[in-house]
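The structure appears below as structure tokens.
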Amino acid sequence: METQMDNRNPLLRVEGLRVSYRNGRTYTPVVKGVSFDLGRERLGIVGESGSGKSTIGRALLKLLPTARIEAERMEFEGTDLLAATERQMLSIRGQRMSMILQDPKFSLNPVHKVGDQIAEAYRVHNKASAQAARERTLAMLEAVKIRDPERVYGLYPHEVSGGMGQRIMIAMMLIPEPQIIIADEPTSALDVTVRMQVLNILNELVTNKGIGLIMISHDLNLVRNFCDRVLVMRHGEVVEERAARDMQNCVHPYTRGLLAAQPHIGGSRRPLPVLNREPLVRTTREAQP
Amino acid sequence: MNNARFSAFGRQAGTILVTLIGLLILTFCIGRLMPVDPVRAIVGEEADRATYEMVAERIGANLPLYQQFFKYVSDLLHGDFGVSIRTGQPVINDILHVMPATIELATFAIIVGAGLGIPLGILAAVRRNKPVDHVIRFLTLIGHSMPIFWTGMIGLIVFYAALDLVGGGGRLSDYYIGLVPETTGFLLIDSLLAGDWDVFWDAVNHLLLPASILGYSSMAYITRMTRSFMLDQLNQEYVTTARVKGLSKSRTIWHHAFANIRVQLVTIVALAYGSLLEGAVLIETVFSWPGFGQYITNNMLVGDMNAVMTCVLLVGVIFIGLNLLSDALYKIFDPRTR
Amino acid sequence: MTTKSIDIGTAAMTASREKTYTAWSRLLRVLRELLANPSSGFGLVVIAILLVTALLAPWIAPYEPNLINLSQALQPPSAAHLFGTDELGRDVLSRIVHGSRISLTIITIVSVIVGPLGLLVGTTAGYFGGWYDTVMMRITDIFLSFPSLILSLAFVAALGASLENAIIAIGLTAWPPIARLARAETLTFRNADYISASRMQGASKLRIIVKSIMPMCLPSVLVRVTLSMATVILTAAGLGFLGLGAQPPLPEWGAMIATGRRYMLDNWWLVAFPGGAILVVSLAFNLLGDGLRDALDPKQGH
């Protein structure tokens with residue numbers, strides 16, 4: 001319940017965020033007026049692929065060079081992100097707001113040692129000697145439950161497993177101690193067996209350090225169990241916002257459909273209902289006459 | 001693991017061997033196809049029938065083709081590349097004598113080509129679809145499309161005849177020829193060894209134009225490849241990671257994306273260096289540059305069979321060697337293949 | 001049983017015909033796209049001009065290309081001789097216009113040699129596989145390990161210097177990349193259902209290759225042939241320049257530059273205009289090739 005209190009003075013305040021891509025002479029919107037606040041809590045954003053959920057994360061960091069980003073308000077601890085210059089963004093990215101990407105196979109640089117990549121994240125934002133950064137990195141690797149940090153430091157990304165890669169990613173993004181972490185499908189590329197392990201590590205670190213977390217996922221069940229609050233997105237709009245524990249009371253037919261399509265123990269053994277996508281087709285057509 | 005590596009090595013060695021044998025067959029065929037009678041070329045037009053038969057016997061010209069081929073290969077294996085009909089010297093000596101001039105030219109050219117091409121390619125990729133990209137693309141297309149011998153002549157007309165900024169044809173002005181002893185064959189090095197700065201600057205002056213033109217054509221290729229490699233990398237997820245960490249664009253480009261194309265670049269620069277041989281054939285003719293390219297053309301024009309066969313073989317071997325070298329570099333420098 | 005197998009056969013035929021049809025309609029769409037893009041549009045227009053010039057050369061050229069007029073030798077460009085005259089008083093413009101016929105002949109014959117040869121080697125190697133494939137690919141490797149000009153030079157030296165031999169030599173060196181491409185394409189089609197269907201129906205290997213596989217490879221082979229035309233033009237000009245291609249008095253552009261070279265320091269037009277023609281035509285093919293590549297492979301685009 002203490003998370004609820006923080007919301008009165010949130011870290012991040014987004015109102016009417018719109019992201020669109022140029023398509024010839026017109027702009028095609030992919031995020032159409034999304035609003036939310038984030039305190040020191042865990043916020044889940046769920047939706048199917050193409051619902052615009054990942055775009056939100058990148059828009060917050062202003063890492064969409066080809067897109068047009070508009071909002072009534074996009075404020076991060078008193079900084080107006082919309083008006084922030086690239087220079088200001090450089091000191092925000094990583095240091096104050098960071099993002100964990102989906103697949104460590106692609107998101108780690110293949111030609112640098114993983115330890116150096118983590119240390120680099122620390123040294124961009126902190127004046128530290130190579131030796132100090134190395135020690136910090138080793139401690140961080142330990143914090144993400146890597147047993148032999150000295151050895152792992154010197155490995156290249158292709159030499160580590162997916163689960164370890166994602167823990168390295170977490171270490172890299174947490175080492176400058178940001179206030180907000182955006183996790184974009186952090187476990188969907190991982191083996192089912194290591195998913196919970198990685199999620200628990202992330203959870204532990206986020207809760208201990210009081211970091212605000214935005215968890216972007218297509219997996220409603222995961223988000224529901226892991227987050228405090230859930231936004232359900234569809235076609236670039238938020239269709240439902242609700243506390244995670246209150247999820248079964250959702251009202252929007254889309255969310256209900258998503259919930260019904262989840263298997264659960266003790267349920268009937270008949271085929272799971274399939275999400276009715278009819279309106280989707282219609283709205284797309286309406287959007288582009 | 002070790003076994004797999006060994007068999008991979010074995011397979012590669014087999015491939016090289018087959019390619020080399022193919023190369024030998026090819027050069028042999030070219031030699032046989034030539035309209036020159038090798039015996040007549042040695043004995044001369046006036047020789048009588050008996051001498052002709054004797055020489056034919058000695059060089060094996062009347063053996064069946066496959067035996068001639070084996071003789072050709074075994075001669076090569078003994079280091080005997082034959083004697084040039086045109087110069088009367090062993091072909092290999094001739095080639096060793098002309099090679100430094102071409103290497104000097106090609107090295108200077110590749111420095112120009114890679115030194116300009118790589119930064120331009122990166123700039124074009126980073127500013128993709130912006131005016132700079134279009135300008136660079138246009139420059140490389142021109143470099144790709146121009147007949148290099150023509151550019152050489154236009155260069156001579158403008159920079160030598162009209163503006164008198166550079167030396168004309170040849171490696172040195174007439175009055176400097178023979179002033180420094182030929183130690184290495186590389187004029188720049190020889191003149192420095194002799195401590196003769198006048199000769200050195202004259203050599204640079206003569207090298208500048210042909211090497212720049214040759215370099216421009218390889219720049220076109222290097223820029224193009226760099227741009228496409230770089231675009232590939234800039235779309236990779238790890239570039240986003242670097243930006244998320246708070247790295248500046250330039251650090252992301254150089255420390256992260258560029259680090260990933262270094263090996264590929266070494267490969268294409270090596271291949272471009274080999275391709276300069278092709279340009280050298282034409283540019284050396286235009287600039288009267290006494291190098292390998294001119295040696296090839298002169299021999300082809302007069303149908304000097306041994307020399308042509310050896311030159312073609314050498315070019316093939318250089319290319320196979322460069323391919324192997326770039327493969328090896330990949331294995332050494334890319335952590336994923338170590 | 002019989003009806004069933006006929007069904008499969010017809011289905012296979014229709015499928016393969018349909019795939020071929022879509023491949024061709026894709027090519028048409030690409031062509032339209034090319035004209036819309038300014039740079040590849042420029043390429044197409046220049047090539048069209050080259051075609052027209054070559055066809056109508058005698059009517060376009062202001063003078064006879066080989067008309068010697070020593071009193072008019074080495075005249076700089078003027079109203080009477082737009083591109084000046086050469087050492088024998090021949091009109092340079094008229095020679096360039098007539099030279100376009102030679103360029104076009106080279107391009108056409110090389111395409112006619114290279115396309116079918118590459119297609120044949122590539123599709124058979126890809127379809128049969130085994131040792132035949134290995135041998136064929138080794139041969140292409142050997143050819144590919146040479147810069148095209150040097151190999152053509154060697155062939156011309158062996159065959160004797162003339163325009164015909166230059167064309168043959170260029171043809172001999174230009175087919176391997178096309179064979180490579182056709183082979184790669186064949187490998188992707190080889191196990192497609194409609195190919196298996198015609199195989200089950202008892203179609204001979206030759207029939208499958210000619211009727212089903214070759215038409216599928218044709219569009220991409222055409223693109224590849226276009227792409228190599230710029231190199232072909234440059235190689236032909238280079239051979240002409242070295243005196244191993246077209247022989248004087250033929251108004252081949254490379255050979256014109258070679259003769260002009262002796263007088264070039266005082267008479268720049270002898271060299272500048274024929275070379276400019278080579279540059280423009282090879283640039284046109286490069287632009288067209290670039291456009292084709294972009295249109296066919298959007299991932300590589302700009």
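Each reported figure results from applying straightforward, stated rules to the coordinates on display, with no laboratory input. Every value quoted in this text rests on a predicted model; they were computed, and no experiment measured them. Positions of Cβ are generated from backbone atoms using ideal geometry, with glycine treated the same way; all protein chains shown enter the neighbour counts.
Quick look at the numbers
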item	result
Calculated FRET value between A:Arg68 and A:Gln131, using beta carbons and R₀ = 41 Å, to 0.05	0.40
Residue-count net charge about A:Asn249 - beta-carbon cut-off 11 Å; Lys, Arg +1, Asp, Glu -1	+1
Per-residue HN-Hα couplings for the range C:201-216 [Karplus 6.51, -1.76, 1.60; θ = phi - 60°; Hz; x = Gly/Pro]	6, x, 5, 6, 4, 4, 5, 4, 5, 6, 8, 10, 8, 4, x, 6
Among A:Ala119, A:Ala171, A:Pro104 the positive-end extreme of the charge dipole of chain A (Cβ point charges)	A:Pro104
Potential lengthening between A:Lys209 and A:Arg270 on full extension [0.36 nm per residue; Cα-Cα distance subtracted]	17.5 nm
Gap separating the Cα centres of the range B:250-297 and the range C:95-148, nearest whole Å	25
Angle between chain B longest axis and helix B:131-145 axis [Cα atoms, degrees, rounded to 10]	0
Relative contact order [Cα under 8 Å, 6+ residues apart], chain A, whole percent	23
Computed lengthening from B:Ala61 to B:His97, 0.36 nm per intervening residue step minus Cα-Cα distance	10.1 nm
GNM result for chain C, Cα springs below 10 Å: residue of C:Ala79, C:Ala230, C:Ala277 fluctuating most strongly	C:Ala79
Partner chain coverage, peptide B:138-147 - average Cβ within 10 angstrom	6
Reciprocal of mean inverse Cα separation for chain A (Kirkwood radius, Å)	20.2
B:Lys249 paired with B:Asn235, simple spin-label distance in nm, labels 7 Å along Cα-to-beta-carbon	2.0
Viscosity 1.002 mPa s, 20 °C: Kirkwood-radius Stokes-Einstein D of the range A:66-131 over Cα pairs, µm²/s	149
Per-q log10 I(q)/I(0), the range C:171-302, q = 0.10, 0.13, 0.16 Å⁻¹ (Debye; single scatterer per alpha-carbon; no solvent)	-0.52, -0.72, -0.88
Virtual spin-label span in nm between C:Trp131 and B:Ala259, 7 Å along Cα→Cβ	5.0
Euclidean distance of C-alpha centroids, the range A:216-255 and the range A:23-39, integer Å	19
Set of lysines with alpha-carbon distance to C:Lys211 below 25 Å, sequence-local pairs under 8 removed	C:Lys4, C:Lys19
Within chain B, longest stretch clear of exposed GluC sites (Glu not before Pro) (DSSP loop, no more than 16 other Cβ within 10 Å)	B:183-338
Computed magnitude of the charge dipole of the range C:204-269 (debye, nearest 20; Cβ of K, R +1, Cβ of D, E -1)	500
Exposure rule at most 16 other beta-carbon atoms within 10 Å, DSSP loop trypsin sites (Lys or Arg not before Pro): chain A longest free segment	A:148-268
Spatially proximal lysines relative to A:Lys209 (Cα-Cα < 17 Å; intrachain offsets below 8 disregarded)	A:Lys145
In degrees, nearest ten, helix A:114-125 long axis to first principal axis of chain A (Cα)	90
Kirkwood Rh in Å, taken over the range B:200-268 so that all alpha-carbon pairs contribute	14.1
Three-way shape label, the protein assembly as shown, alpha-carbon gyration tensor, a/c 1.5	prolate
Test item: Cα-centred dipole of the protein assembly as shown, Lys/Arg +1 and Asp/Glu -1 on Cβ, debye	3940
Most mobile listed residue (A:Met97, A:Met215, A:Met89) in chain A, GNM with C-alpha springs under 10 Å	A:Met89
Pairwise FRET efficiency - C:Leu35 versus A:Gln197, Cβ, R0 = 41 Å, nearest 0.05	0.10
Given charges at beta-carbon only (K, R positive; D, E negative), |dipole| of chain A in Debye	480
Modelled FRET efficiency - R0 35 Å, C:Val112 with B:Val302, Cβ distances, 0.05 increments	0.65
The range A:41-110 versus the range B:129-170: alpha-carbon centroid distance in Å	46
Gaussian network model of chain C, Cα within-10 Å springs - most flexible of C:Arg224, C:Arg26, C:Arg183	C:Arg26
Percent of beta bridges antiparallel (DSSP, the range A:156-273, rounded to nearest 5)	55
Given A:Lys53/B:Lys245; A:Lys105/B:Lys245; A:Lys127/B:Lys245, the pairs whose alpha carbons are separated by over 19 Å	A:Lys53/B:Lys245
Quarter of Cα convex hull surface for the range B:1-102, i.e. mean projection, nm²	9.6
Total formal charge among the other residues, if their Cβ is under 10 angstrom from that of B:Ser191, Lys/Arg +1 and Asp/Glu -1	-4
Positive minus negative residues near C:Glu64 (Lys, Arg vs Asp, Glu; Cβ under 12 Å)	+1
Farthest positive-ward along the range C:132-217 dipole, Cα basis, beta-carbon charges - from C:Ser204, C:Ala174, C:Val135	C:Ser204
Within 10 Å of each Cβ in C:204-216, the average number of Cβ atoms from other chains	0
C-alpha long axis of helix B:259-286 to longest principal axis of chain B, angle in °	40
Percent of beta bridges antiparallel (DSSP, the protein assembly as shown, rounded to nearest 5)	60
